[in-house]
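Every read-out reported here was derived from the displayed coordinates using simple, explicitly stated rules and does not represent laboratory data. This is a predicted model, so every value here is computed, not measured. Here the Cβ is made from the backbone with ideal geometry for all residues, glycine too, and neighbour counts use every protein chain on show.
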Amino acid sequence: MRRAARAADPANPLSVAQLEVLACIADEPGIRPGRIARRLMLAANSVTTLVNALHSRSLIVRTNAAEDARAVALTLTPEGRRAVEGWKTTNTAILQSALARLDERSQGALAEALPGLRQLAEAVDTLAEG
């Protein structure tokens with residue numbers, strides 16, 4: 001999927017890791033970098049590097065709600081929201097194009113399996129959240 005996304009949108013200047021961080025922030029405004037690290041299973045210093053790069057591009061805002069500098073909450077800027085929407089649009093287009101290439105029987109099988117696949121994805125997300 002990542003390779004297809006890069007092929008579909010080669011001009012996108014953001015890395016997939018940066019886009020995944022933005023998606024986490026979109027899913028959970030005010031999220032802290034440590035939570036992003038746990039969700040994406042990345043080292044804290046990797047998330048710090050990604051957050052710094054996104055901040056320097058004005059895609060996110062860092063807010064210190066407490067005196068502790070580690071208590072940083074992250075939110076998207078309007079440009080950050082546009083980047084996430086663009087990423088979602090690209091991924092949706094890829095899936096639609098791939099589905100259109102399947103024969104009718106396979107399309108029907110996927111349509112029938114969709115409720116179960118949604119439940120499976122939710123269960124996986126629940127496991128990932130711990």
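I'd like the Karplus ³J(HN,Hα) series for segment 103-119: coefficients 6.51, -1.76, 1.60, θ = phi - 60°, whole numbers in Hz, and an x wherever there's a Gly or Pro.
For segment 103-119, the Karplus curve yields 6, 4, 4, 5, 4, x, 4, 5, 4, 5, 7, 4, x, x, 5, 4, 4 Hz.
Give the relative contact order (percent, whole number) for the chain; include only Cα pairs under 8 Å separated by 6+ residues.
The normalised contact order for the chain reaches 25 percent.
Mind checking the dipole of the chain: about its Cα centre, +1 per Lys or Arg Cβ, -1 per Asp or Glu Cβ, Debye to the nearest 20?
In total the dipole reaches around 360 debye.
Enumerate the calculated ³J(HN,Hα) couplings along segment 32-46 in order (Karplus 6.51 cos²θ - 1.76 cosθ + 1.60, θ = phi - 60°), each rounded to whole Hz, writing x wherever the residue is Gly or Pro.
Karplus-based 3J(HN,Hα) across segment 32-46 equals 9, x, x, 5, 4, 4, 5, 4, 9, 6, 10, 5, 4, 5, 5 Hz.
Would you mind calculating the gained length between Glu85 and Ala17 on full extension (0.36 nm times residue separation, minus the Cα-Cα distance), in nm to one decimal?
Here the answer is 22.9 nm.
Hey, if you put +1 on the Cβ of every Lys and Arg and -1 on every Asp and Glu Cβ in the chain, which of Pro13, Leu114, Ile36 ends up farthest toward the positive end of that dipole?
Pro13
Of (1) -0.29, -0.43, -0.51; (2) -0.33, -0.49, -0.57; (3) -0.21, -0.32, -0.39, which is the value of log10 I(q)/I(0) by the Debye sum over Cα atoms at q = 0.09, 0.11, 0.12 Å⁻¹ derived from the coordinates here?
Recomputing log10 I(q)/I(0) by the Debye sum over Cα atoms at q = 0.09, 0.11, 0.12 Å⁻¹ here gives the entry labelled (2).
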